[in-house]
Every structure is written in C-alpha cells, then in structure tokens.
Amino acid sequence: MLRQEDQKRADAEIRRTYVLSQKSQGVAIFLSILLAFAAYIYTRRWKALMIFLGWCLFIGVLFSDEEGEVSLPGLFLASTWAAVDNCSAIQRAREDIERLRSGQNPDANRQT
C-alpha cells in the first residue's frame, strides 16, 4: 500500500516535471517583463511564487520612494529575478526529463 502511494507521488512528480519542461523560456521571459508574477503562474510553480511574493514585499520596502510607491529599480529587479528563476526551472526540468529518457536517475548530477 505504501509502495503504491510512493509510486503515485513519483509519477505525479514526473508528470509535473514533464509539463514544466514543455514550457517556453521565451514566454516566461515575456510574461516576467509584463508582470513579474505571471511567469510563475505560467510555469505553475506555486511554492516559488509565494517565495517570490515574499521577497517582493521585502524589496518593495527597500526600493520604495517617499510616497510608498515601488521605484523602477525594484520593478526591474523583480522582473529580472522572475525571468531567471523560471527559465532556470524550465531548463532543469528539461535536463531531468532527458536523464529519465536516457535511463539515469533525474536526481543524479544535480547540485544542491
């Protein structure tokens, strides 16, 4: 019974990785330029989105002007961060799927 549950979780993780690997890095960059958090919605990376929003609140406080509005450097930093983070996640997913196709463990050679 436990083995079946573990296998279901592993299959779900492989499906999620495969779906992420099929996403376009160009679309992720475009969306992060338009609206930084939209790239996270596109890649369906919800935990990463929550971390990103938390950092955006912190950065917003650091880069806000006297009226409390976020300045241009803060917006640029957020959109750049979203683009790099989502593109690297797509690339890692593609590498994991390629390792699976070649019969290797997808967690092998992954740096922590």
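The values are calculated or read from the model by the stated rules, or taken from the named source; none is laboratory data. A quick note: this is a predicted structure, and the numbers were derived from the prediction, not measured. Note that each Cβ is placed from the backbone with ideal geometry, even for glycine, and that neighbours are counted across all protein chains shown. Accessible surface areas use protein heavy atoms only, side chains included; no ligands, DNA or RNA. Shrake-Rupley method; radii C 1.70, N 1.55, O 1.52, S 1.80 Å.
Just wondering, is there one or more residues in the range 25-41 that are at pLDDT below 90, part of a helix (DSSP H, G or I), open to solvent by 20 Å² or more (accessible area, probe 1.4 Å) and small (G, A, S)?
No: zero hits.
Looking at the range 33-59, I want the residues that are within 15 Å of V84 (Cα to Cα) and have a partner that is basic (K, R) and crowded, with 17+ Cβ neighbours inside 10 Å with Cβ atoms under 6 Å, at least 6 apart or on another chain. Which pairs are those?
If the second residue must be basic (K, R) and crowded, with 17+ Cβ neighbours inside 10 Å, the pairs left are T43/K23.
Write out, first by first residue and then by second, each pair whose Cβ atoms fall under 7 Å of each other, whose residues are 6+ apart or on separate chains, and whose first residue, in the range 1-24, is over 14 Å from L100 (Cα atoms) while the second is polar (S, T, N, Q).
Listed pairs, sorted by first residue: L20/T43; K23/T43.
Counting only residues that are at negative phi and either outside any helix (DSSP H, G or I) or in contact with a helix residue (DSSP H, G or I) (Cβ under 8 Å, 6 or more places away or on another chain) (or both), how many does the range 42-55 have?
8
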